[in-house]
Amino acid sequence: MKSLPQTDDSLLIRTDYSDQSAWEALHTAITTPNRDGFLANVHIVDDPDYSDLTTEQVLALALASGNSGSLLIVADTTSLFAPEMPLLAVPPSDEDDEDDEDYEDDEDAEQEHGELRVTAAELWSIENNIDLGNMDWEDFVNAAGDDGVFRGFR
């Protein structure tokens, strides 16, 4: 498997290649600023070599590549086909591992690495605030819905 690109931005890695029009809709949602002009600073990796990778494999590649972005974001099958396009966000470093235990549920694989789903419309909120150090990961985890999806602060 080839290495992920080096970037200071958060990596957004596409792992589902089953529907190009669904990807294009998601890509547009990610790259369009919100009404206040906010936009996630992401480096999009759209390469079929990463097709069908698990979250653990993507995380291992990101760590091996030495990327310093604030988040790792995965555009998987759920991201492409669920109505709100919930992307999978993962802190790329081990620094949050101790805190992750507070949110871990053995039956919920998405919590294993401190993962959190975030709607495409709210990706900017997590990415910008984590990158700037304005907020902590736990702030977003605590604000997620009962289904584990962050939809903004309401």
If I go through the range 112-154 residue by residue, how many of them are under 23 Å from G37 (Cα atoms), open to solvent by 10 Å² or more (accessible area, probe 1.4 Å), of a type in the set (D, E, K, R) and not in a loop (DSSP other than H, G, I, E, B)?
4
Selection count, the range 117-152, where residues are closer than 10 Å to P86 by Cβ and under 12 Å from the mean Cα position of the chain (by Cα)
8
Could you count how many residues in the range 11-36 are assigned to a loop (DSSP other than H, G, I, E, B) and open to solvent by less than 50 Å² (accessible area, probe 1.4 Å)?
4
Residue under question is S70, and the condition is that it be touching a helix residue (DSSP H, G or I) at 6+ places or on another chain (Cβ under 9 Å), outside any strand (DSSP E or B), within 26 Å of M135 (Cβ to Cβ) and open to solvent by less than 10 Å² (accessible area, probe 1.4 Å); does it hold?
no
Kindly indicate the residue of the range 8-18 that is out of contact with any Gly (no Cβ under 6 Å at 6 or more places or on another chain) and not aliphatic (A, V, I, L, M) and also farthest from L132 (Cα to Cα) among those meeting that condition.
S18
Residues that are assigned to a loop (DSSP other than H, G, I, E, B) and touching a residue at least 12 places away in the same chain (Cβ under 8 Å), drawn from the range 38-59:
F38, L39, A40, N41, D46, D47, S51, D52, L53
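The values are calculated or read from the model by the stated rules, or taken from the named source; none is laboratory data. Only a predicted model underlies this, so the values are computations on that prediction, with no experimental measurement involved. In this analysis, Cβ positions are derived from the backbone assuming ideal geometry, glycine residues included, and neighbour counts consider all displayed protein chains. Heavy atoms of the whole protein, side chains included, go into the accessibility calculation; ligands, DNA and RNA do not. Shrake-Rupley method; radii C 1.70, N 1.55, O 1.52, S 1.80 Å.
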